Ligand SMILES: Nc1ncnc2c1ncn2[C@@H]1O[C@H](COP(=O)(O)OP(=O)(O)OP(=O)(O)O)[C@@H](O)[C@H]1O
Ligand SMILES: [Mg+2]
């Protein structure tokens, strides 16, 4: 599904340049649920953004679903994001003046689905994340956990092949985080590939594979088998 | 693309900055409003002046005699001369461009006191000896009876066509003037018609309502003018400048009256066409100025809109980033921002247009009616075509105003937009 070979990325600020990714080799198969860990500034978000076509890489090869991603036009990238990818952010990134249903329906708007149809579909996804009763509410009337479930519904509605989540539980308490992870688990069960950036060990241990970044390189890549049940926090 | 969400997006993003939106929109509103008021006023001025001319033949030239200023063929300078009856035929024969020739002779004026008497009533009126063609030079409404005709001329009939005011002074309200007799400078004339002028701005030294037309030949005969002609009114044939007629007539008349060809002052003349063209040019100038000022004001408003769109785009950077992460293509984003700009510009401009047209129409309704007034301002209107072109200009400028902000919105990478605080 995702194949990275020797991915490099530097940021340039004036005369300074910061080499953030120094040659990432990574393959993620379809249906995997992967977490990415590492210290702050190690390049986790940068990596995820490159995978998500929100940012470009300087060198190396990136294959997304078999397609080579290189110097792609923004229009093409936008269409790929719309069809292939779903995003979940730490800060939710909901649109403040749209209600829950409209927020969820937004990706379908860019696919050209009619308003009536996409609102019906949006309600289905709201039901799936348990927010049916909140469909008419604006994002700022929802709790953090509700907002993140809303964002997940929005990420799912385009029926993506991959969900990319950058610290999705970073702003949530542990109980709510656990709920969100349950949801990710269900989504993964339906065959969608998931990549989660996180700082929290217990979140990471609910995925099948943990990749640790250190200073722009993959430090460890360990598969830890089946995700553990939510009741028993990981002892690692 | 242009479904409800599209408009919803536009509406909500503009509504978030209500005061600023309204203030900016006011710039465009004011530009169009002023443009409409100025165009309406310009047309009012033009209509007023044109109405003052009535149906007066604008392609006309008038020619009278003055004293010579150059000695010629043994004749001294400062010599007075008069046009004669045989000049009439000579002009007709020698100037093919001539359309209408109306010689006129002015009889005892009203300055000398009451010159027209009927029974116990009397008044002072201008007396004109005219050919029937006069009514083609300065057409008047014939209220009763008829104007002079060719038989009046040939038979030297003592008939008179009297002005509206003459009728009021000499006749009682319920009297029928046609067939009645009035005494003009001691000679009886039968009234055959009553007229009222279509304009007051074009006159020849007197109120036309207080004038009387009698046959040219009758005037010459009855008051012993011999074969003297006072002056000529001439028009040119269609599509020929009356200046051609003017030049040829001057040349011919100088020759016939032994006036030096280079004597520019011996023949007095007035070329209405030239005056009219100057006025038309003036109105074209005013009109041009109106558009320059109007478009300038509008441009200032449009730049204001472009400016606020830039601010809005900047404030919405993050939101635009989210939209792009969710799959909004650059063209969708551009359409959205240009749409907002066009919407704002057109709405503001349309409001200005409607209010401007409304005010012009209110002014029009409250102005005195055309026929009675000798005002310089009449019937201000805004051409439908002008309104439509103003709207087209608005839409185009809306697009242009949105272009820079839209390009800015898509010039940054989605990830930078998402990170924007
Ligand atoms: N747009 C940018 N311009 C310049 N430097 C950047 C930019 N984005 C990230 N960086 C730098 O690149 C490095 C990696 O950033 P990145 O956001 O990938 O880290 P991270 O692993 O996600 O950290 P955190 O856990 O704190 O989120 C950091 O040192 C950061 O300062
Ligand atoms: Mg990060």
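The values are calculated or read from the model by the stated rules, or taken from the named source; none is laboratory data. Since we're looking at a predicted model, the values are computed, not measured. Positions of Cβ are generated from backbone atoms using ideal geometry, with glycine treated the same way; all protein chains shown enter the neighbour counts.
Here are some notes:
- Count - residues of region A:134-147 that are free of Cβ contacts under 8 Å to residues at least 12 places away in the same chain and either under 15 Å from residue A:122 (Cα atoms) or within 12 Å of chain B (Cβ to nearest Cβ) (or both): 0
This table checks each residue for (1) more than 13 Å from ligand 2 (Cβ to nearest atom); (2) away from chain B (no Cβ under 13 Å); (3) out of contact with any strand residue (DSSP E or B) (no Cβ under 9 Å at 6 or more places or on another chain).
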{"site": "A:61", "(1), (2), (3)": "yes, yes, no"}
{"site": "A:68", "(1), (2), (3)": "yes, yes, no"}
{"site": "A:71", "(1), (2), (3)": "yes, yes, yes"}
{"site": "A:75", "(1), (2), (3)": "yes, no, yes"}
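- Some residue of region B:33-54 being in contact with a helix residue (DSSP H, G or I) (Cβ under 6 Å, 6 or more places away or on another chain) and either exposed (fewer than 14 other Cβ atoms within 10 Å of the Cβ) or outside any helix (DSSP H, G or I) (or both): no
- Qualifying residue in region A:79-87 (condition: within 16 Å of ligand 1 (Cβ to nearest atom) and within 23 Å of residue B:316 (Cβ to Cβ)): yes
- Exactly one residue among A:80, A:18, A:48, A:26 is at pLDDT 90 or above, within 16 Å of ligand 2 (Cβ to nearest atom) and surrounded by fewer than 20 Cβ atoms within 10 Å (Cβ to Cβ), and that residue is A:18.
- Close pairs (6 angstrom Cβ cut-off, 6 or more residues apart or separate chains): more than 8 Å from chain B (Cβ to nearest Cβ) and over 20 Å from residue A:128 (Cα atoms) in region A:89-115, modelled with pLDDT of 90 or more and not in a helix (DSSP H, G or I) anywhere: A:90/A:166; A:90/A:167
- Of the helices (runs of 4 or more DSSP H) lying entirely inside region B:81-194, the ones with 2 or more residues being in the same structural domain as residue B:242 (by TED's automatic domain parsing) are found at B:85-94.
- Of the residues A:150, A:164, the single one that is within 16 Å of ligand 1 (Cβ to nearest atom), within 14 Å of chain B (Cβ to nearest Cβ) and in contact (Cβ under 8 Å) with a residue 24 or more places away in the chain is A:164.
- Of the residues examined, residue B:73 is one that is on the phi > 0 side of the Ramachandran plot, surrounded by fewer than 18 Cβ atoms within 10 Å (Cβ to Cβ) and more than 14 Å from chain A (Cβ to nearest Cβ).
- The single condition among (1) within 14 Å of chain A (Cβ to nearest Cβ); (2) not in a helix (DSSP H, G or I) that residue B:380 does not satisfy is (1).
- Reported count of residues in region A:29-45, each being within 16 Å of ligand 2 (Cβ to nearest atom) and more than 14 Å from chain B (Cβ to nearest Cβ), is 9.
- Among all residues of region A:167-177, there is at least one that is in contact with a strand residue (DSSP E or B) (Cβ under 8 Å, 6 or more places away or on another chain), touching a residue at least 12 places away in the same chain (Cβ under 8 Å) and within 16 Å of ligand 1 (Cβ to nearest atom).
- Strands (runs of 3 or more DSSP E) enclosed by region A:1-73 - at least 3 residues per element that are out of contact with any helix residue (DSSP H, G or I) (no Cβ under 6 Å at 6 or more places or on another chain): A:2-13, A:16-28, A:59-64
- Residue A:93 modelled with pLDDT of 90 or more, away from ligand 2 (no atom under 16 Å from the Cβ) and either buried (at least 17 other Cβ atoms within 10 Å of the Cβ) or under 30 Å from residue B:15 (Cβ atoms) (or both): no
- Taking (1) under 30 Å from residue B:6 (Cβ atoms); (2) touching a residue at least 24 places away in the same chain (Cβ under 8 Å); (3) surrounded by fewer than 18 Cβ atoms within 10 Å (Cβ to Cβ) in turn, residue B:330 satisfies each apart from (3).
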